[in-house]
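To start, the structure under review is shown below, and the notes come after it.
The values are calculated or read from the model by the stated rules, or taken from the named source; none is laboratory data. Remember, it's a predicted structure, so these values are computed and weren't measured experimentally. Backbone-built Cβ (ideal geometry, glycine too); neighbour counts: all protein chains shown.
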Amino acid sequence: MKCLTTIAAICLTSICFGQIEVLHFNASFNAANACEWVNDLTDCDIAFVDILAQPDLQKKHKIVVVPTIIVLNNGEEEKRFQANIMMQMESTKEEVQGEIDEIIYSDF
């Protein structure tokens with residue numbers, strides 16, 4: 001169920017609707033702080049959004065700091081993980097995967 005996508009001119013609400021999706025928002029000027037471990041998340045679809053290339057998506061999802069990771073379930077935001085003041089993500093892969101797993105388990 002993993003599809004790695006770099007968002008270009010795609011409407012996020014149409015991507016893999018009805019599933020868990022992880023959106024990784026960052027910017028080219030902060031590439032050094034990208035969360036590379038997002039690629040290792042399981043049981044979700046992953047989309048990467050460069051806020052400089054997609055300011056409309058930055059506004060839509062109210063991104064105020066990069067990187068920001070948003071976990072969507074059926075198109076609705078379930079959890080948001082934001083970077084610290086140094087633009088570095090303190091949340092871990094295990095925390096994000098835990099949120100994904102919790103969403104999956106809650107469906108049973």
List every residue pair whose Cβ atoms sit under 8 Å apart, with the two residues 6 or more apart in sequence or on different chains, where the first one lies in region 82-105 and is touching a residue at least 24 places away in the same chain (Cβ under 8 Å) and the second, anywhere, is of a type in the set (Ser, Thr, Tyr) and surrounded by 13 or more Cβ atoms within 10 Å (Cβ to Cβ). 83/68
Under the condition of being buried (at least 22 other Cβ atoms within 10 Å of the Cβ) and part of a loop (DSSP other than H, G, I, E, B), which residue from region 62-80 is nearest to the chain's Cα centre (by Cα)? 67
Find the residue count for region 1-40, including only residues that are more than 22 Å from residue 97 (Cβ to Cβ) and at pLDDT 95 or above. 6
List pairs: first residue in region 18-43 and surrounded by fewer than 22 Cβ atoms within 10 Å (Cβ to Cβ), second residue of a type in the set (Gly, Ala, Ser) anywhere in the structure, Cβ distance under 7 angstrom, at least six positions apart or on different chains. 33/83
In region 32-51, which residue that is part of a strand (DSSP E or B) and not aliphatic (A, V, I, L, M) is nearest to residue 105 (Cα to Cα)? 45
